[in-house]
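The block underneath contains the structure these notes are about, expressed in structure tokens.
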Amino acid sequence: MSSHGFTLVEILIVMLITSVLVLGIHAAYRQAHALWSQAEDDREAYYLARVLTEALREELSGLYMPPMNPEGEEAGSDRAFRLTAGSDGARELSFLTLTPAWRSDVESSRPARASYRSSKDQDTGRTVLRRVEVLCAGEKPVGQEVSDVLVENLMEFGVWVFPSNDGVSADSWQQTYESDDQPPRAARILLKWSPPNRDDPHARPIEFVSVVLIPCESQLIPAGD
């Protein structure tokens, strides 16, 4: 009576197949862990970007364009909507809104001028994003400026607007825009952070881009007769 066992070749083949399967599972696990770690690193930045974007969306939805005086000038001293770009990369987006959304105090239900300003820290070279709010009666400031630092460690903060002029092309995003009675159609917001792990040569910056539609293309508060 003889018994049939496994040959050496069969055992080697089984070991080879098992090794390949183990290596494949290990590679898949490492890739999944890397994606999970990256998502964890990016989560705080994306959460803050969504909060900022939603606040801007609500404030721009309540955009307020004051009536003109008989001479055709705004009653206040500042433009109703203003986007400026400095030579050093600084940006400022300033507008009048009926729905200031960032601050949660009782007075935030009043009209206000909201300004989003970015500037570079001279010591670190990082971009600081700050929001400044001034309560208004109509278009006239009636309170003190209240400033909040929104983000301190940005690589870049960018704002572009799509003008309300007829006949513009799809690539007509502008870095500067001023108007008293013609708000732009949309605003595009860019927030970019440095990679969480700067020592990793494969690390990439965290970038968040969002387009906020502005529902009005004309003066919201018509001039009196």
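The values are calculated or read from the model by the stated rules, or taken from the named source; none is laboratory data. Because the structure is predicted, anything quoted here is derived from the model rather than measured. We place every Cβ from the backbone using ideal geometry, glycine too, and count neighbours over all the protein chains shown.
Tabulated results
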{"quantity": "Contacts under 8 angstrom Cβ, first residue in segment 45-59 being more than 23 Å from Leu98 (Cβ to Cβ), partner surrounded by fewer than 17 Cβ atoms within 10 Å (Cβ to Cβ), 6 or more apart", "calculated": "Ala49/Ser210"}
{"quantity": "Pairs where the first residue, in segment 108-124, is at pLDDT below 75 and surrounded by 15 or more Cβ atoms within 10 Å (Cβ to Cβ) and the second is outside any strand (DSSP E or B) and not polar (S, T, N, Q), C-beta under 9 Å, 6+ apart", "calculated": "Ser108/Pro100; Ser108/Ala101; Ser108/Trp102"}
{"quantity": "Subset of segment 33-67 (residues that are closer than 21 Å to Asp78 by Cβ, hydrophobic (A, V, I, L, M, F, W, C) and modelled with pLDDT under 85)", "calculated": "Met65"}
{"quantity": "Verdict on Glu74 being at pLDDT below 75, at negative phi and out of contact with any helix residue (DSSP H, G or I) (no Cβ under 7 Å at 6 or more places or on another chain)", "calculated": "yes"}
{"quantity": "Condition check for Ala85: out of contact with any Phe, Trp or Tyr (no Cβ under 8 Å at 6 or more places or on another chain), modelled with pLDDT of 75 or more, aliphatic (A, V, I, L, M) and farther than 15 Å from Leu150 by Cβ", "calculated": "yes"}
{"quantity": "Contacts under 7 angstrom Cβ, first residue in segment 137-165 being exposed (fewer than 14 other Cβ atoms within 10 Å of the Cβ), partner basic (Lys, Arg) and at pLDDT below 85, 6 or more apart", "calculated": "Glu152/Arg126; Asn153/Arg126"}
{"quantity": "Conditions (1) at pLDDT 75 or above; (2) assigned to a loop (DSSP other than H, G, I, E, B); (3) within 25 Å of the chain's Cα centre (by Cα): number failed by Gly143", "calculated": "(3)"}
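Conditions tested, residue by residue: (1) at pLDDT 85 or above; (2) under 14 Å from the mean Cα position of the chain (by Cα); (3) in a loop (DSSP other than H, G, I, E, B); (4) hydroxyl-bearing (Ser, Thr, Tyr).
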site	(1), (2), (3), (4)
Asp148	yes, no, no, no
Val161	yes, yes, no, no
Asp166	no, no, yes, no
Asp199	no, no, yes, no
Arg204	no, no, yes, no
Ser210	yes, yes, no, yes
Leu220	no, no, yes, no
Ala223	no, no, yes, no
